[in-house]
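*Asks:* Take this structure first; my questions come after.
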Protein chains: 10
Amino acid sequence: MLFKVEMIVNIPESMDPDRRAEILATEKAYSQELQRSGKWRHIWRVAGQYANVSIFDVESNEELHTLLTGLPLYPYMEISVEALCRHPSSIREDDR
Amino acid sequence: MLFKVEMIVNIPESMDPDRRAEILATEKAYSQELQRSGKWRHIWRVAGQYANVSIFDVESNEELHTLLTGLPLYPYMEISVEALCRHPSSIREDDR
Amino acid sequence: MLFKVEMIVNIPESMDPDRRAEILATEKAYSQELQRSGKWRHIWRVAGQYANVSIFDVESNEELHTLLTGLPLYPYMEISVEALCRHPSSIREDDR
Amino acid sequence: MLFKVEMIVNIPESMDPDRRAEILATEKAYSQELQRSGKWRHIWRVAGQYANVSIFDVESNEELHTLLTGLPLYPYMEISVEALCRHPSSIREDDR
Amino acid sequence: MLFKVEMIVNIPESMDPDRRAEILATEKAYSQELQRSGKWRHIWRVAGQYANVSIFDVESNEELHTLLTGLPLYPYMEISVEALCRHPSSIREDDR
Amino acid sequence: MLFKVEMIVNIPESMDPDRRAEILATEKAYSQELQRSGKWRHIWRVAGQYANVSIFDVESNEELHTLLTGLPLYPYMEISVEALCRHPSSIREDDR
Amino acid sequence: MLFKVEMIVNIPESMDPDRRAEILATEKAYSQELQRSGKWRHIWRVAGQYANVSIFDVESNEELHTLLTGLPLYPYMEISVEALCRHPSSIREDDR
Amino acid sequence: MLFKVEMIVNIPESMDPDRRAEILATEKAYSQELQRSGKWRHIWRVAGQYANVSIFDVESNEELHTLLTGLPLYPYMEISVEALCRHPSSIREDDR
Amino acid sequence: MLFKVEMIVNIPESMDPDRRAEILATEKAYSQELQRSGKWRHIWRVAGQYANVSIFDVESNEELHTLLTGLPLYPYMEISVEALCRHPSSIREDDR
Amino acid sequence: MLFKVEMIVNIPESMDPDRRAEILATEKAYSQELQRSGKWRHIWRVAGQYANVSIFDVESNEELHTLLTGLPLYPYMEISVEALCRHPSSIREDDR
C-alpha cells in the first residue's frame, strides 16, 4: 500500500555539530535499511530545499506511522502524508 | 532530470459523454506512450481524488512543458510542478 | 485500516428536482449498505454545513478509493482524506 | 452532544525528560478516565503526526471547554473544534 | 448554549427580482421569529459586506443545524460556526 | 458604534507565575470596568481555546484603539477587529 | 472617522456594453460627489489591477456601510474594510 | 510615484526598555522628517494593531527601498508594498 | 524602474476559436512591440502552466498600469506586481 | 535551463556582528562569481524587503540544488523555485 510522504527538515542551528553529524548518519542508515527492505520505495531531494519527496510501500497506516516516527530526524521534521493507489493508466508493474 | 507533477482533473459536467469518453481514451494512450518512452516515470492515483502524483524524467524544462501542455486533458487540469534531484541517501540506481 | 474522510456537498441549484431526489435516495442507500458492511464506520453531520465527517475501515487505499468514487454524489463533493491509526491511549477495542 | 476535536502536540525539546514522562503519563490517565466515562468517545492517531482526531460527547460547550483546558498537555497543543450532529443517513445508534 | 455564526450571502444576479424580494421577506420574518423566541440572540451587519455576525442560543448542535439549514437564504450562504462559552470575566447575566 | 473584536492569548510559558497571576487579575478588573461602563458590551470564551469573541461599543476608532492597547494582556494577544452596524432585521433595541 | 477600503472590481464579461458604460459613468459621478463632500478622502488605482485603495472619512460604521452598498458597482465588487486612527507620529492635520 | 506601504511592528519583549524608548524616539523623528519632506505622504494607525498604513511618494523603487530599510524599526517590521497610480475618478490634485 | 509581473491566463473555453486565434496574435504583436521598445525587458513561460514571469522597465507606476491594462488578454489574466530595485551584489549593468 | 528563484533572508538578530559582516561578504563574492560564470543570470532586490528575485541558468536540477545549498546565507533563507522555459513571444535571444 503506497503513500506519498513529504518531509521538510529543520534542524536547530544550536544543535551540537557532533550530535548533528551523528543524527544525520543514523538517519541515512535508517533510510537505507528501509529502502533495502522495500518499505521506502523512492526518495528524491526537492531542488533548493532541505526536504524530500518519498514513496512508502507498507502493510498498513500503523506500519507507516511506526516507520515515520522512528526516523532519527522525526523531531525536526514537518511531515505530510497522502494515500496513493495504482493508477488505471499505469503500465509499470510496481507502481501499485 | 526529474520533476514531481501533481495533476487535479476537473472535467465540466456539461461535456458531451462521447466527447468525454474519447478524450479519456486519448489521454490514457498519450500517458502510456510517454510511460513506455521512459519520460513519464511513475503515475499514482491520489486516494479519493480525481488527481494523480507523477514523476517525469525529461531533458529540460522545455520538454516538460511540451509534454504537459500536450496532455489531452490539459485544459481541464490544475497542475503543479516541483523540480527534484537524486537524494544522497537513495540506494536505487534509477531514482536520479 | 481507518481513514477520516470529510465530504462537502455542492449540488448545483440547476439540478432537476426529481434527479436531485433520486440521487439523494441512492446516496443514502449506498451509505447505509456500506455502514452495515462495517466499511463506513461512522458518519456525522457538521453543524450548519452540508458536509459530513466520516470514518472508513477498509482493506487498502484502493478499496477506499473505489468506495469513495462510487458515491452517487461524488461528482458534487469536495473530499479530503487522512490516514488514521489506533491511538496508544485508546481504550476502545474497535478504535483501531 | 458531539464534537470533533483535533489536537496537534508540540512539546518543547527543552522540556526535562522526567517532566515529559510524567506529563505524558498524566495525559494518558486523564484521557482514559474520560474515555471510560463516555465523554471522550473516540481517539485516533493521525498517521505520521504527533496529533489525534477525537470525538467528544458532552453536555454543553462549557463542559467541552473544561475537559479540553484540563488536558495536562493543553499548554502544548493546537486545538480545533467542530460541532457535529447525528447524520440522517447514519444507522448506528450511538453516532448521535 | 451559545454559538457565534457568521453568514456571507451570495444571491445569484440571475435570480428573478420578485423571487428575490420574496425570499428576502421570508428570511427577515424567519430571523425575527427566532429572535423573538430567544434562539437568535444577536445579529449585526458587517460594515461594507452582505454578511452578518450572529449569536445563537440553542439546546444542542442539532437544534443549531435545524435552525440554520431552515434559513430561506441557506442555499446562498457561506456559513461558519464557532462554539462559545460564558467567559470567566463576563459580568452580564445573559452572556452565557 | 459596534466592533467585533477577537482576541487570542499567548502568554509565554517562561513568565513568572506571580507576574502571570497579577497580570490576569489586572486584566479581569480592566475588562469588568469596561463592561460596567458599557464600552465592552459582550465577551464570550471560544470553546477549547484561550481566546474570546467580544463586542465593543465605542465613540470612535480611536477610542477602540485606546481601549484595546490598554489591555494588560495586549502584548501577548493577537487581535482582529471588524466594524459592525445595526442589522435591518434586528429586533433588539441595543444591537446597534 | 477613517477607514481604509480596498475594492476589487469584477464586471461579468457578459454585461451589455451600454449597461457597462452607463454603470461606470454612474459610479464615477457617485464617487466624485462623495469626494467633493469629503466623505471619500482618497482614491488610488492599484497598478496592474482593476482595483482601488481608498480612504473614507465618515461619522459611523453605519454611514460607511450605506456609502459602500450604494456604489453602483457594489454587486460586482469584493470589498475589505479596515478601521484606522490618527497615528501618533503624523504631522498632517487632516490624517485623522 | 505613490506606494501603499503597510508595516506591522514586532519589538521583542526582551529588548531593554531604554533601548526601546530610544529606538521609538528615533523612529518618530525619522518618520516626521520624511513627512515634512513630502516623501511619506500619509500615515495612519490600524485600530487595535501595532501597525500602520502609509502612503509614500518617491522618485523610484530604489528610493522607496532606501527609505524603508532606513527605518530604525525596520529589523522588527513586517512590510508589504503595493504600487499605486492616480485613479481616473480622483478629484484631488495631490492623489497622484 | 523595474517590476516583476506574473500573469496567469484563463481564456474561457467557450471563446470562439477565431476570436481566440485573433486575440492571441494581437497579444503576441503587442508583447513583442513592448519588448523591442525595452519596456518589457524579459518574458519567460512557467513550465507546465499557461502563465509567464516578466520583467518590465518603465518610467512610473502609471506607465506600468497603462501597459498592463492594454494587454489584449488583460480581461482573462490574473496579474501580480512586485516592485524591484538594483541588487547591491549585481554585476550586470542592465539589472537596474 | 532557467529557474526563477526567490530568496527571503532572515539573519537572527543574535548573530555576532563580525560573523554577520563576514558571511555577507562571502555571500556577495559567491553570488558575483556565479554571475560572472553565467549561472546566476539575474538578481534584483525586492523593494522594501530583505529578499531577492533571481534567474538561474543551469545544466540540471542537481546543479541548481548544489548552487543554492552552497549559498553562505542558505541556512538563513526561505527559498522558492519555479522552472521556466523560453516564452514563444520572446524576442530576446538569451531569454531561453
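*Asks:* Do any residues in the stretch I:16-37 that are farther than 14 Å from residue I:67 by Cα and at pLDDT 95 or above have Cβ atoms under 7 Å from those of residues that are open to solvent by less than 80 Å² (accessible area, probe 1.4 Å) and in a helix (DSSP H, G or I), where the two are at least six apart or on different chains, and which pairs are they?
*Replies:* Listed pairs, sorted by first residue: none to list.
*Asks:* Residue A:93 - would you say it is within 26 Å of residue B:40 (Cβ to Cβ) and open to solvent by 60 Å² or more (accessible area, probe 1.4 Å)?
*Replies:* Numbers: within 26 Å of residue B:40 (Cβ to Cβ): yes; open to solvent by 60 Å² or more (accessible area, probe 1.4 Å): yes.
In short, yes.
*Asks:* Filter the stretch E:80-96 down to the residues that are closer than 17 Å to residue F:24 by Cβ and among the aliphatic types (A, V, I, L, M) and list them by number.
*Replies:* Result: E:91, single match.
*Asks:* Residue check, residue J:8 against (1) open to solvent by less than 70 Å² (accessible area, probe 1.4 Å); (2) more than 12 Å from chain I (Cβ to nearest Cβ); (3) among the aliphatic types (A, V, I, L, M), all met but one. Which one?
*Replies:* Failing condition for residue J:8: (1).
*Asks:* Among (1) touching a Gly at 6+ places or on another chain (Cβ under 9 Å); (2) open to solvent by less than 50 Å² (accessible area, probe 1.4 Å), which single condition is residue F:51 missing?
*Replies:* Exception for residue F:51: condition (1).
*Asks:* What is the residue count in the stretch C:54-63 for residues that are open to solvent by 10 Å² or more (accessible area, probe 1.4 Å) and of a type outside the set (D, E, K, R)? Outline the logic, then answer.
*Replies:* At the first step, the residues of the stretch C:54-63 found to be open to solvent by 10 Å² or more (accessible area, probe 1.4 Å) are C:57, C:59-60, C:62-63.
Adding the requirement that they be of a type outside the set (D, E, K, R) leaves C:60.
Total satisfying the criteria: 1.
*Asks:* Given the condition small (Gly, Ala, Ser), surrounded by fewer than 21 Cβ atoms within 10 Å (Cβ to Cβ) and farther than 29 Å from residue C:55 by Cβ, answer yes or no: does some residue in the stretch A:64-81 qualify? Before the answer, list the steps.
*Replies:* So in the stretch A:64-81, the residues small (Gly, Ala, Ser) come out as A:70, A:80.
Among the residues that remain, those that are also surrounded by fewer than 21 Cβ atoms within 10 Å (Cβ to Cβ) are: A:70, A:80.
Going one step further and asking which of them are farther than 29 Å from residue C:55 by Cβ, we end up with none.
No, the stretch A:64-81 contains no residue that is small (Gly, Ala, Ser), surrounded by fewer than 21 Cβ atoms within 10 Å (Cβ to Cβ) and farther than 29 Å from residue C:55 by Cβ.
*Asks:* Also, I was wondering about something else. If residue A:14 passes every condition in (1) among the polar types (S, T, N, Q); (2) assigned to a strand (DSSP E or B); (3) open to solvent by 60 Å² or more (accessible area, probe 1.4 Å) but one, which one does it miss?
*Replies:* (2)
The values are calculated or read from the model by the stated rules, or taken from the named source; none is laboratory data. This one's a predicted model, so the numbers in the text were calculated from it and none came from an experiment. Neighbour counts are summed over all protein chains in view; Cβ atoms, including those assigned to glycine, are modelled from backbone coordinates with ideal geometry. Protein only, heavy atoms only, side chains kept; ligands, DNA and RNA dropped before computing areas. Shrake-Rupley method; radii C 1.70, N 1.55, O 1.52, S 1.80 Å.
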